[in-house]
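The values are calculated or read from the model by the stated rules, or taken from the named source; none is laboratory data. Being a predicted model, the structure only gives us computed values, none of them experimental. Virtual Cβ from ideal backbone geometry, glycine too; neighbours counted across all protein chains shown.
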Amino acid sequence: MSSPASQFPVNSASSAATATRLGKRVIAIAAAAALTAVAARIAVPLPGIPVPFTLQPVAVLLAGVLLGATGGMSSQLLYLAAGMIGLPVFAAGGGLPYLFGPTGGYLLAFPIAAWIAGTVAFRWRTFPGIALGALLGLAVIHVGGLAWLAALSGRETAAAVGLAPFFVGDLLKIALVALVGVGAGDRIARRLN
């Protein structure tokens, strides 16, 4: 009688390649989470507005565009987990209570936004396709943020402080994500696979 191991031969080259790909993906996901944390620290407080202007959405959308839907979403779940356990990765610190403040809705929308941006961008690897993915991802971030701000302060206030001040900057963020996605997206995807 043959042993169970001999019934299922293992191709060591294939196993090594799979482990290498997995290792690259894990590193890329952790790097995207770290990039989101760094981007959170690039914050410009706006007078009278409880939500600062940050580069976090760029990092979130790039995670999806460059790593794909699952990788982008995973990176943002890792980012949120790091913040929830108290690591100072959010714009003004960390800890679970931070998610109940004015920026909590934006933060909780990050994984879904990265997933949507990645899904659309990987379907259409062109500037318009990636820009559409970034636009839809950014819309998800704003819906999450505005819903939470409306619960805290009312709808009118939420729109005035959570959307209007960011419009022009958001258009620039979408263009930046699309440019980087077109320029680096395929190269990064090849290196991770």
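Every listed requirement among (1) over 14 Å from F127 (Cβ atoms); (2) surrounded by fewer than 15 Cβ atoms within 10 Å (Cβ to Cβ) is met by G183 save one, (1).
Residue-by-condition table, conditions (1) surrounded by 15 or more Cβ atoms within 10 Å (Cβ to Cβ); (2) more than 20 Å from A34 (Cβ to Cβ); (3) basic (K, R); (4) within 13 Å of the chain's Cα centre (by Cα):
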position: L99; (1), (2), (3), (4): yes, no, no, no
position: Y106; (1), (2), (3), (4): yes, no, no, yes
position: I116; (1), (2), (3), (4): yes, yes, no, yes
position: T119; (1), (2), (3), (4): yes, yes, no, yes
position: G137; (1), (2), (3), (4): yes, no, no, yes
position: A150; (1), (2), (3), (4): yes, yes, no, no
position: E156; (1), (2), (3), (4): no, yes, no, no
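Scanning the stretch 86-112 for residues that are assigned to a strand (DSSP E or B) and polar (S, T, N, Q) yields no hits at all.
Considering the stretch 69-97, the residues that are surrounded by 16 or more Cβ atoms within 10 Å (Cβ to Cβ) and modelled with pLDDT under 95 include one that is nearest to the chain's Cα centre (by Cα), namely F90. Whenever a residue of the stretch 167-193 is of a type in the set (S, T, N, Q), its partners that are at pLDDT 85 or above, lying with C-beta atoms within less than 7 angstrom and at least six residues away or across chains, give the pairs N193/R21. Of the candidates P9, P57, the single residue that is modelled with pLDDT under 90 and either under 19 Å from A184 (Cα atoms) or not polar (S, T, N, Q) (or both) is P9.
Whether a residue is assigned to a helix (DSSP H, G or I), touching a Gly at 6+ places or on another chain (Cβ under 6 Å) and not hydrophobic (A, V, I, L, M, F, W, C) was assessed, and G83 passes this test. Checking the stretch 108-129 against the condition returns a match, with at least one residue being in contact (Cβ under 8 Å) with a residue 12 or more places away in the chain and of a type in the set (S, T, Y).
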